[in-house]
1. Measuring with a 1.4 Å probe in the full set of protein chains, what accessible area per residue, in whole Å², belongs to the chain?
2. Ignoring any ligand, DNA or RNA, what whole percent of the accessible area of the chain comes from carbon and sulfur when the probe is 1.4 angstrom?
3. Pick out which of TYR78, TYR36, TYR95 has the largest mean-square fluctuation in a Gaussian network model of the chain, springs linking Cα atoms closer than 10 Å.
4. Which order do you get for SER81, SER7 if you rank them by accessible area with a 1.4 Å probe, largest at the top?
5. Given the whole protein assembly as supplied and a 1.4 Å probe, what does the accessible area of THR74 come to in Å², nearest 10?
6. In what sequence, largest accessible area first, do VAL41, VAL92 appear using a 1.4 Å probe?
7. For the chain, set up a Gaussian network in which alpha carbons nearer than 10 Å are linked by springs, and say which option among LEU45, LEU34, LEU57 fluctuates the most.
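The values are calculated or read from the model by the stated rules, or taken from the named source; none is laboratory data. Because the structure is predicted, anything quoted here is derived from the model rather than measured. Areas reflect the complete protein model, heavy atoms only, side chains present, ligands, DNA and RNA absent. Shrake-Rupley method; radii C 1.70, N 1.55, O 1.52, S 1.80 Å.
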Amino acid sequence: MKLHAYSFFFIAAAAGSVIFATLLFFFAPPQIPLWYSLSIVEQQLDAKILVFIFPTLITIIALIHSFFMRKVRTLDLYLHSLFFYATFVPIVILYIALIRIAMVVL
């Protein structure tokens, strides 16, 4: 995988999360357990529009990665792979949270 393909991968992940959140928005009930780690059930529920927090964060992370990789092409390959994993891990964590909410709701 070439270095410029990483940015494409993250932008595609952001687009996929937007599509997934949109489908979840249309098929979910009016309130979803967005904060499912809280102990009180009433505090867990929130408006389903807030499911778009995850695609927004994924898109911001992907755009920062893409912008940064364009500016620092001359860095060592080790630093490129380090920045790849520093971007990949938060995106995967946000995807897992989005999928977890979808599994609880649907």
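1. Value returned for the chain: 66 Å² of accessible area per residue.
2. Details: 5150 of 6950 Å².
Using a 1.4 Å probe with all protein chains present, the chain comes out at 74 percent carbon and sulfur.
3. Looking only at TYR78, TYR36, TYR95, the largest GNM fluctuation is found for TYR78.
4. Largest accessible area first, the residues go SER81, SER7.
5. 140 Å²
6. Numbers: VAL41 90, VAL92 50 Å².
Largest accessible area first, the list is VAL41, VAL92.
7. Answer for the Gaussian network model of the chain: LEU45.
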